[in-house]
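Colleague: This is the structure, below, for whatever I ask next.
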Amino acid sequence: MRLMKFGLYLAALSAFGLPALAQPNPRLEAKARKIHERVFTVDTHADTPMNLGKPGFDLARDNAPTDYKLDFPKMKRGGLDAVFWAVYMGQGPRTPEGNAAAKQEALTIFAAIHAALKAHPNEMALATTPEEAQRIRKSGRRAIFIGIENGYPVGRDLSLLQEYYTLGARYMTLSHGNNNDLCDSSTDPNGPEHQGLSALGEQAVAEMNRLGMMVDISHTSDSTFYDVLRLSKAPVIASHSAARALSNVPRNLSDDMLRALALHGGVIQLNLYSPYVKTPPANPARAAAVQTFNAKWNVKNFLNVYSLPQPQQAQALADMGKLDKQFPVPLATVQDAANQIDHIVRVAGINHVGIGGDFDGGTELNGLNDVGEYPNLTLELVRRGYSRPDIEKIWSGNLFRVMQAVERAKEKQNKATL
Ligand SMILES: [Zn+2]
């Protein structure tokens, strides 16, 4: 297993034409370790809740990193103080029955998260504000924030936003891979439907502003993104997105979008999913296999697979697993992730980038296989000359500034309506 991994690593290095590995530099490494230990670190997107019910998975144990990318030992090893767990849902039928089922599913995931928190009171606690997260760290525990990925569980009933907020949700990603009743997604096989936010989506943004829930534009279409910026009274986030300039997928943000997000005071939390971090090298055989796959399952993008009903979804995922084994994509590296940060800093500025790794949602990089290896990212930033205050902004300062701005916008609005 190890040998195979190392072989992949070498293959990735040669395929990507990377410079030779950095020479060991104990002084720099000690400096990076110290910075990483001292700054508050938060990752705004992990799909760990999907693992909570799996037989054999134990948060308190160092689970096999090939299957599980986040547990307490890995958070500890990786110096990760806080993480947003996603209440994630693929897009299903937009019918009263579908919406009711989505709501039930969301409530079940919230319950699983709260049960996990209750089962591990000495290791973690729920955080809903930056201040709470800092207090939890001081008590020697890890802070767990909650975000909802996909507006589907809201259906057409915006009062549910209040219910999810009460359960701890502090952001909602408006869509996943397909359009929903709130907005267009960046990857719907049928293209745009509302030309951005729907009328209901506009009301949802206003309600999220009123509640103090961050609006998350990851996964949404470009026109949804610009609609949100036009309407939101508070800065917004991309909880797990990367820059299109380095990997041209619809799900990433263009330079113009990065600049607009920054002007609006928001933050892009870098998604570390390898194909989003760096365009994989051309592979015609894989491209042909993907085309056959897409035709078989009638999808345009692999994210659309998650909107297929069961059991087709499971079969399609199994097909995709075989395809990945037959035509593997060399993994991008921790250096490629730092290239993304460099690019976003150049375009949007140091005050508008953070980390939203998407671990347990398909992410692994060479040099950053799971959250336990997060210190490698800080080391790479130190090597590139980022100062401690810069690194602090990237690891939490920028996100926490947005959370506080969202809270201030809420208070201002509530005062105005009194
Ligand atoms: Zn996602």
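The values are calculated or read from the model by the stated rules, or taken from the named source; none is laboratory data. Here the structure is a predicted model, which is why all the values come from computation and not from measurement. Cβ coordinates were reconstructed from backbone atoms using ideal geometry, including for glycine residues, and neighbour counts include every protein chain displayed. Side chains are part of the model used for accessible areas, which takes the heavy atoms of the whole protein and leaves out ligands, DNA and RNA. Shrake-Rupley method; radii C 1.70, N 1.55, O 1.52, S 1.80 Å.
Colleague: For residue 148, what residues show an amide H to amide H distance below 5 Å, using hydrogens built from the backbone and excluding near sequence neighbours?
Modeller: Amide H neighbours of residue 148: 87, 170, 171, 172, 173.
Colleague: OK, next. Relative contact order for the chain using alpha-carbon pairs under 8 Å, separation at least 6, rounded to a whole percent? Provide the component values of the computation, followed by the final result.
Modeller: Working: 792 pairs, mean separation 83.3, N = 418.
Relative contact order here is 20 percent.
Colleague: Please calculate the 1.4 Å probe accessible area of residue 307, with all protein chains present, and give it to the nearest 10 Å².
Modeller: Counting only protein heavy atoms, the figure is 40 Å².
Colleague: Taking θ as phi - 60°, what are the ³J(HN,Hα) couplings along region 212-223 by the Karplus curve (6.51, -1.76, 1.60), each to the nearest whole Hz, with x for Gly and Pro?
Modeller: In residue order, the calculated couplings are x, 10, 5, 8, 10, 9, 4, 6, 7, 6, 4, 5 Hz.
Colleague: Lys and Arg at +1, Asp and Glu at -1: add these up for the other residues within a Cβ distance under 13 Å of residue 294 and post the number. Provide the component values of the computation, followed by the final result.
Modeller: Details: positive: 286, 296, 300; negative: 319.
Its environment carries a net charge of +2.
Colleague: Another question, then. Roll a 1.4 Å probe over the protein heavy atoms and report the accessible area of residue 114 in Å², nearest 10.
Modeller: My reading of the accessible area for residue 114 is about 60 Å².
Colleague: Would the chain count as rounded, prolate or oblate if I go by the C-alpha gyration tensor, calling it rounded below 1.5 in a/c and otherwise prolate when a/b exceeds b/c, oblate otherwise?
Modeller: Working: a/c = 1.37, a/b = 1.12, b/c = 1.22.
The shape class here is rounded.
Colleague: While we're looking at this one, here's another question. If amide H atoms are built 1.01 Å from N in the plane of the peptide, which residues on other chains or at least 5 residues away come under 5 Å of the amide H of residue 268?
Modeller: Sorted by chain and number, the residues that satisfy this are 238, 353, 354.
Colleague: Using θ = phi - 60° and the Karplus relation 6.51 cos²θ - 1.76 cosθ + 1.60, list the HN-Hα couplings for region 54-65 in order, rounded to whole Hz, with x at every Gly or Pro.
Modeller: 6, x, x, 7, 9, 4, 7, 10, 7, 5, 3, x
Colleague: So what's the back-of-envelope 222 nm ellipticity for the chain, counting only DSSP H runs of four-plus at -39500 (n - 2.57) apiece and dividing by all residues, rounded to 500? Can you show the working numbers first?
Modeller: Details: 16 runs with 189 residues, N = 418.
The helix contribution divided over the chain gives -14000 deg cm²/dmol.
Colleague: Here's a follow-up. Compute the distance in nm between two label points, each set 7 Å from the Cα along the Cα-to-Cβ direction, one at residue 77 and one at residue 326.
Modeller: The two pseudo-label positions are separated by 3.4 nm.
Colleague: Another question, if that's okay. What are the ³J(HN,Hα) values, in whole Hz, obtained from phi via the Karplus relation 6.51 cos²θ - 1.76 cosθ + 1.60 with θ = phi - 60°, for each residue of region 83-96 in sequence order, with x given for Gly and Pro?
Modeller: 8, 8, 8, 8, 8, 9, 8, x, 7, x, x, 8, 10, x
Colleague: How do 224, 279, 128 stack up against each other in accessible area, from largest to smallest, with a 1.4 angstrom probe? Write down the numbers at each step before the final one.
Modeller: Values: 224 0, 279 75, 128 25 Å².
Ranked list, largest accessible area first: 279, 128, 224.
Colleague: I want to check the label-to-label distance for residue 139 and residue 95. Put each point 7 Å from Cα in the C-beta direction and report it in nm to one decimal.
Modeller: 4.6
Colleague: Cα gyration tensor of region 100-150, axes a ≥ b ≥ c as square roots of the eigenvalues: rounded (a/c below 1.5), prolate (a/b > b/c) or oblate?
Modeller: On the way: a/c = 4.49, a/b = 1.91, b/c = 2.36.
Oblate is the answer for region 100-150, as a/c is 1.5 or above yet b/c matches or exceeds a/b.
Colleague: Compute the FRET efficiency between residue 30 and residue 157 as 1/(1 + (r/R0)^6), taking r as their Cβ-Cβ distance and R0 = 45 Å, and round to the nearest 0.05. Don't skip to the end; give the middle numbers.
Modeller: Working: r = 54 Å, r/R0 = 1.20.
For R0 = 45 Å, the calculated efficiency reads 0.25.
Colleague: Let me ask something else. Grab the other residues whose beta carbon is less than 13 angstrom from that of residue 259, score K and R as +1, D and E as -1, and report the net.
Modeller: Details: positive: 244, 346; negative: 255, 256.
Counting the neighbours of residue 259, the net charge comes to 0.
Colleague: Something else about it: In the chain, what percent of the accessible surface is made up of carbon and sulfur (1.4 Å probe, ligands and nucleic acids excluded)?
Modeller: Working: 9890 of 17800 Å².
Here carbon and sulfur together make up 56 percent of the probe-accessible area.
Colleague: In square angstrom, rounded to the nearest 10, how much accessible surface does residue 161 have for a 1.4 Å probe?
Modeller: So the heavy atoms of residue 161 present about 0 Å² to solvent.
Colleague: Another one. In terms of modelled amide H atoms, which long-range or inter-chain residues lie less than 5 Å from the amide H of residue 44?
Modeller: Those qualifying (amide H under 5 Å, at least 5 residues apart or on another chain) are 84, 355, 356, 357.
Colleague: Got a sec? What order do 350, 136 fall in by accessible area at 1.4 Å, biggest, i.e. largest, first?
Modeller: 350, 136
Colleague: Antiparallel versus total DSSP beta bridges in the chain: what percent is that, nearest 5? Write out the running numbers ahead of the final one.
Modeller: Working: 3 of 33 bridges.
Close to 10 percent.
Colleague: Still on this model: Please report the net charge: other residues with Cβ closer than 12 Å to the Cβ of residue 413, K and R +1, D and E -1.
Modeller: Spelling it out: positives minus negatives among the neighbours equals +3.
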